[in-house]
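The values are calculated or read from the model by the stated rules, or taken from the named source; none is laboratory data. All values derive from a computational prediction rather than experimental measurement. All Cβ positions, even for glycine, are placed from backbone atoms using ideal geometry, and neighbour counts span all protein chains on display. Remember, those area values only see protein heavy atoms, side chains included, never the ligands or the DNA or RNA. Shrake-Rupley method; radii C 1.70, N 1.55, O 1.52, S 1.80 Å.
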Amino acid sequence: GINAEYGALQMTQIDFEKFSKIKMCEILKYVKSPSEATSPNMCAFVNHFNAVSFWASSMILLRETKDERQKVYRRFLHVMEHLIKLNNFSSAFALFAAVSKTAVRRVISLTHKQEKILDSSHSLMDSSDSHKNLRSALRSATPPLIPYLGLCVADLTFLIHGNPDKLEGGEINFTKRHLTYKFMDVVRRSQITPYNIAPRDDVITFFNNFSDHLEEEEMWRRSEDIKPRRRRG
(Lines give C-alpha, C1' and ligand atoms only; values in the text may rest on other atoms or scores of the structure.)
Protein backbone atom coordinates (compact mmCIF):
# COMPACT_ATOMS: atom_id res chain seq x y z
CA GLY A 1 0.00 0.00 0.00
CA ILE A 2 0.96 3.64 -0.24
CA ASN A 3 1.97 6.00 2.53
CA ALA A 4 -1.02 8.06 3.77
CA GLU A 5 0.75 11.40 3.37
CA TYR A 6 1.97 10.65 -0.17
CA GLY A 7 -1.51 9.46 -1.05
CA ALA A 8 -3.08 12.69 0.24
CA LEU A 9 -0.52 14.84 -1.61
CA GLN A 10 -1.04 13.06 -4.93
CA MET A 11 -4.84 13.14 -4.57
CA THR A 12 -4.58 16.88 -3.95
CA GLN A 13 -2.34 17.36 -6.99
CA ILE A 14 -4.90 15.53 -9.20
CA ASP A 15 -7.85 17.36 -7.62
CA PHE A 16 -6.34 20.80 -8.07
CA GLU A 17 -5.53 20.15 -11.71
CA LYS A 18 -9.21 19.35 -12.34
CA PHE A 19 -10.54 22.06 -10.01
CA SER A 20 -8.46 24.85 -11.59
CA LYS A 21 -10.01 24.15 -15.03
CA ILE A 22 -13.56 24.96 -13.89
CA LYS A 23 -14.77 28.25 -15.38
CA MET A 24 -17.11 30.48 -13.38
CA CYS A 25 -19.78 30.42 -16.09
CA GLU A 26 -19.77 26.59 -15.89
CA ILE A 27 -20.76 26.65 -12.23
CA LEU A 28 -23.74 28.92 -12.93
CA LYS A 29 -24.85 26.77 -15.86
CA TYR A 30 -24.40 23.63 -13.76
CA VAL A 31 -26.60 25.05 -11.00
CA LYS A 32 -29.32 25.93 -13.50
CA SER A 33 -29.09 22.65 -15.43
CA PRO A 34 -26.22 20.14 -15.02
CA SER A 35 -24.92 19.13 -18.44
CA GLU A 36 -21.56 17.97 -19.76
CA ALA A 37 -22.15 20.05 -22.89
CA THR A 38 -22.36 23.37 -21.01
CA SER A 39 -20.29 22.57 -17.86
CA PRO A 40 -17.69 19.98 -18.97
CA ASN A 41 -15.02 20.75 -16.33
CA MET A 42 -17.56 21.10 -13.53
CA CYS A 43 -19.14 17.75 -14.45
CA ALA A 44 -15.68 16.15 -14.69
CA PHE A 45 -14.86 17.39 -11.19
CA VAL A 46 -18.15 16.13 -9.70
CA ASN A 47 -17.67 12.73 -11.40
CA HIS A 48 -14.11 12.61 -10.05
CA PHE A 49 -15.36 13.37 -6.51
CA ASN A 50 -17.86 10.48 -6.73
CA ALA A 51 -15.26 8.12 -8.21
CA VAL A 52 -12.80 8.84 -5.37
CA SER A 53 -15.48 8.12 -2.79
CA PHE A 54 -16.69 4.87 -4.43
CA TRP A 55 -13.09 3.76 -5.04
CA ALA A 56 -12.17 4.15 -1.37
CA SER A 57 -15.26 2.22 -0.17
CA SER A 58 -14.51 -0.52 -2.71
CA MET A 59 -10.83 -0.77 -1.69
CA ILE A 60 -11.97 -1.54 1.86
CA LEU A 61 -14.76 -3.96 0.96
CA LEU A 62 -12.74 -5.91 -1.61
CA ARG A 63 -10.05 -6.96 0.90
CA GLU A 64 -10.33 -10.66 1.65
CA THR A 65 -9.68 -10.76 5.40
CA LYS A 66 -10.95 -8.76 8.34
CA ASP A 67 -7.39 -7.63 9.20
CA GLU A 68 -6.81 -6.34 5.67
CA ARG A 69 -10.12 -4.44 5.69
CA GLN A 70 -9.27 -2.86 9.05
CA LYS A 71 -5.83 -1.90 7.75
CA VAL A 72 -7.16 -0.24 4.57
CA TYR A 73 -9.91 1.54 6.54
CA ARG A 74 -7.29 2.86 9.00
CA ARG A 75 -5.13 4.02 6.07
CA PHE A 76 -8.03 6.01 4.58
CA LEU A 77 -8.71 7.67 7.95
CA HIS A 78 -5.08 8.86 7.96
CA VAL A 79 -5.26 10.01 4.33
CA MET A 80 -8.38 12.00 5.24
CA GLU A 81 -6.55 13.65 8.16
CA HIS A 82 -3.73 14.69 5.80
CA LEU A 83 -6.23 16.03 3.24
CA ILE A 84 -7.81 18.24 5.91
CA LYS A 85 -4.33 19.56 6.85
CA LEU A 86 -3.74 20.31 3.15
CA ASN A 87 -7.06 22.26 3.00
CA ASN A 88 -8.32 19.78 0.41
CA PHE A 89 -11.91 19.81 1.64
CA SER A 90 -13.13 18.15 -1.55
CA SER A 91 -11.37 14.78 -1.34
CA ALA A 92 -11.53 14.90 2.48
CA PHE A 93 -15.32 15.00 2.09
CA ALA A 94 -15.23 12.22 -0.54
CA LEU A 95 -13.25 9.98 1.83
CA PHE A 96 -15.44 10.89 4.78
CA ALA A 97 -18.46 9.73 2.73
CA ALA A 98 -16.59 6.52 1.83
CA VAL A 99 -15.63 5.52 5.39
CA SER A 100 -19.07 6.49 6.74
CA LYS A 101 -21.03 4.45 4.20
CA THR A 102 -23.26 1.95 6.01
CA ALA A 103 -22.13 -0.94 3.78
CA VAL A 104 -18.56 -0.24 4.94
CA ARG A 105 -19.14 0.71 8.60
CA ARG A 106 -21.08 -2.46 9.40
CA VAL A 107 -18.06 -4.66 8.62
CA ILE A 108 -15.44 -2.56 10.44
CA SER A 109 -14.62 -2.44 14.18
CA LEU A 110 -12.93 0.77 15.26
CA THR A 111 -10.43 1.33 18.03
CA HIS A 112 -11.07 4.21 20.43
CA LYS A 113 -8.47 6.33 18.58
CA GLN A 114 -10.11 5.68 15.19
CA GLU A 115 -13.52 6.55 16.65
CA LYS A 116 -12.05 9.90 17.70
CA ILE A 117 -10.68 10.61 14.19
CA LEU A 118 -14.06 9.74 12.69
CA ASP A 119 -15.91 11.87 15.25
CA SER A 120 -13.74 14.94 14.65
CA SER A 121 -14.15 14.53 10.86
CA HIS A 122 -17.87 14.13 11.38
CA SER A 123 -18.10 17.37 13.32
CA LEU A 124 -16.26 19.14 10.47
CA MET A 125 -18.34 17.60 7.65
CA ASP A 126 -21.67 17.52 9.51
CA SER A 127 -24.49 19.08 7.47
CA SER A 128 -26.48 20.21 10.53
CA ASP A 129 -26.80 23.93 11.12
CA SER A 130 -26.16 24.47 7.40
CA HIS A 131 -22.63 23.01 7.47
CA LYS A 132 -21.62 25.58 10.08
CA ASN A 133 -18.26 23.99 11.00
CA LEU A 134 -17.21 23.37 7.40
CA ARG A 135 -18.07 26.96 6.43
CA SER A 136 -16.01 28.26 9.34
CA ALA A 137 -13.04 26.02 8.35
CA LEU A 138 -13.30 27.23 4.73
CA ARG A 139 -13.40 30.86 5.84
CA SER A 140 -10.31 30.56 8.03
CA ALA A 141 -8.30 28.41 5.58
CA THR A 142 -5.60 30.16 3.58
CA PRO A 143 -4.79 29.07 0.00
CA PRO A 144 -3.79 26.78 -1.49
CA LEU A 145 -7.14 25.16 -0.85
CA ILE A 146 -9.81 23.16 -2.63
CA PRO A 147 -13.32 23.90 -1.33
CA TYR A 148 -16.08 21.32 -1.11
CA LEU A 149 -18.06 22.30 -4.21
CA GLY A 150 -21.21 20.55 -3.01
CA LEU A 151 -21.63 23.38 -0.52
CA CYS A 152 -21.05 26.06 -3.15
CA VAL A 153 -23.58 24.43 -5.50
CA ALA A 154 -26.17 24.08 -2.70
CA ASP A 155 -25.80 27.78 -1.77
CA LEU A 156 -26.01 28.95 -5.38
CA THR A 157 -29.00 26.68 -6.08
CA PHE A 158 -30.87 28.18 -3.15
CA LEU A 159 -29.86 31.70 -4.16
CA ILE A 160 -30.64 31.39 -7.88
CA HIS A 161 -33.84 29.33 -7.71
CA GLY A 162 -35.13 30.83 -4.48
CA ASN A 163 -34.87 34.53 -5.37
CA PRO A 164 -36.29 36.54 -8.28
CA ASP A 165 -33.99 38.25 -10.84
CA LYS A 166 -36.17 41.35 -10.65
CA LEU A 167 -37.86 43.01 -7.70
CA GLU A 168 -41.59 43.80 -7.55
CA GLY A 169 -41.10 47.25 -9.05
CA GLY A 170 -39.20 45.76 -12.01
CA GLU A 171 -35.74 46.80 -10.73
CA ILE A 172 -32.83 44.35 -11.03
CA ASN A 173 -32.28 42.36 -7.83
CA PHE A 174 -28.74 43.58 -7.14
CA THR A 175 -28.56 41.77 -3.78
CA LYS A 176 -28.98 38.47 -5.64
CA ARG A 177 -26.34 39.48 -8.19
CA HIS A 178 -23.91 40.55 -5.48
CA LEU A 179 -24.36 37.34 -3.45
CA THR A 180 -23.97 35.21 -6.57
CA TYR A 181 -20.69 36.98 -7.31
CA LYS A 182 -19.57 36.56 -3.69
CA PHE A 183 -20.16 32.78 -3.72
CA MET A 184 -18.42 32.42 -7.09
CA ASP A 185 -15.48 34.52 -5.94
CA VAL A 186 -14.67 32.00 -3.20
CA VAL A 187 -14.09 29.43 -5.95
CA ARG A 188 -12.21 31.86 -8.22
CA ARG A 189 -9.86 32.92 -5.41
CA SER A 190 -9.16 29.28 -4.49
CA GLN A 191 -8.13 28.56 -8.08
CA ILE A 192 -5.43 31.25 -8.13
CA THR A 193 -2.94 29.63 -5.73
CA PRO A 194 -1.71 26.23 -6.91
CA TYR A 195 -0.21 23.54 -4.69
CA ASN A 196 3.50 22.90 -5.15
CA ILE A 197 3.36 19.08 -5.32
CA ALA A 198 5.58 16.98 -7.59
CA PRO A 199 3.57 14.22 -9.31
CA ARG A 200 4.62 10.68 -8.37
CA ASP A 201 3.96 8.24 -11.17
CA ASP A 202 3.88 5.17 -8.91
CA VAL A 203 1.07 6.63 -6.78
CA ILE A 204 -0.85 7.99 -9.78
CA THR A 205 -0.63 4.56 -11.46
CA PHE A 206 -1.90 2.95 -8.24
CA PHE A 207 -4.94 5.28 -8.26
CA ASN A 208 -5.66 4.36 -11.91
CA ASN A 209 -8.08 7.32 -12.27
CA PHE A 210 -10.09 5.90 -9.34
CA SER A 211 -11.96 3.90 -11.98
CA ASP A 212 -11.75 0.45 -10.34
CA HIS A 213 -14.73 0.53 -8.05
CA LEU A 214 -17.95 -1.29 -7.24
CA GLU A 215 -21.33 0.31 -7.78
CA GLU A 216 -23.68 0.92 -4.83
CA GLU A 217 -25.59 -2.39 -5.16
CA GLU A 218 -22.40 -4.41 -5.56
CA MET A 219 -21.05 -2.82 -2.39
CA TRP A 220 -24.08 -3.96 -0.46
CA ARG A 221 -23.81 -7.49 -1.87
CA ARG A 222 -20.14 -7.62 -0.91
CA SER A 223 -20.89 -6.21 2.56
CA GLU A 224 -23.52 -8.89 3.14
CA ASP A 225 -21.17 -11.62 1.88
CA ILE A 226 -18.70 -10.51 4.54
CA LYS A 227 -21.32 -10.16 7.28
CA PRO A 228 -24.72 -11.66 6.47
CA ARG A 229 -27.71 -9.81 7.87
CA ARG A 230 -29.43 -11.50 10.79
CA ARG A 231 -32.68 -13.08 9.73
CA ARG A 232 -35.62 -12.16 11.94
CA GLY A 233 -37.78 -14.72 13.65
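A compact table of results
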{"read-out": "Segment 139-168 residues that are under 21 Å from LYS18 (Cβ atoms), paired with ones that are among the basic types (Lys, Arg) (beta carbon under 8 Å, 6 or more apart)", "value": "PRO143/ARG189; LEU151/ARG135"}
{"read-out": "Test result for GLU115, part of a loop (DSSP other than H, G, I, E, B) and among the acidic types (Asp, Glu)", "value": "no"}
{"read-out": "Qualifying position, being open to solvent by 100 Å² or more (accessible area, probe 1.4 Å), within 26 Å of SER91 (Cα to Cα) and of a type outside the set (Asp, Glu), among ARG229, ARG189, ARG222", "value": "ARG189"}
{"read-out": "Lone unmet requirement of (1) part of a loop (DSSP other than H, G, I, E, B); (2) buried (at least 22 other Cβ atoms within 10 Å of the Cβ); (3) not hydroxyl-bearing (Ser, Thr, Tyr) for MET11", "value": "(1)"}
{"read-out": "Residues of segment 117-160 satisfying the condition of being hydrophobic (A, V, I, L, M, F, W, C) and either in contact with a Cys (Cβ under 7 Å, 6 or more places away or on another chain) or under 17 Å from HIS82 (Cβ atoms) (or both)", "value": "ILE117, LEU118, LEU124, MET125, ALA137, ALA141, LEU145, ILE146"}
{"read-out": "Residues within segment 15-59 that are of a type in the set (A, V, I, L, M) and not in a helix (DSSP H, G or I), tallied", "value": "2"}
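Here's the yes/no breakdown for (1) of a type in the set (Asp, Glu); (2) in contact with a Lys or Arg (Cβ under 7 Å, 6 or more places away or on another chain); (3) in contact (Cβ under 8 Å) with a residue 24 or more places away in the chain:
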position: VAL72; (1), (2), (3): no, yes, yes
position: LEU77; (1), (2), (3): no, no, yes
position: SER100; (1), (2), (3): no, no, no
position: SER120; (1), (2), (3): no, no, no
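For (1) of a type outside the set (A, V, I, L, M); (2) open to solvent by 100 Å² or more (accessible area, probe 1.4 Å); (3) in contact with a Leu (Cβ under 6 Å, 6 or more places away or on another chain); (4) at pLDDT 90 or above, each residue gets a yes or a no:
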residue: TYR148; (1), (2), (3), (4): yes, no, no, yes
residue: ASP155; (1), (2), (3), (4): yes, no, no, no
residue: ILE160; (1), (2), (3), (4): no, no, no, no
residue: PHE207; (1), (2), (3), (4): yes, no, no, yes
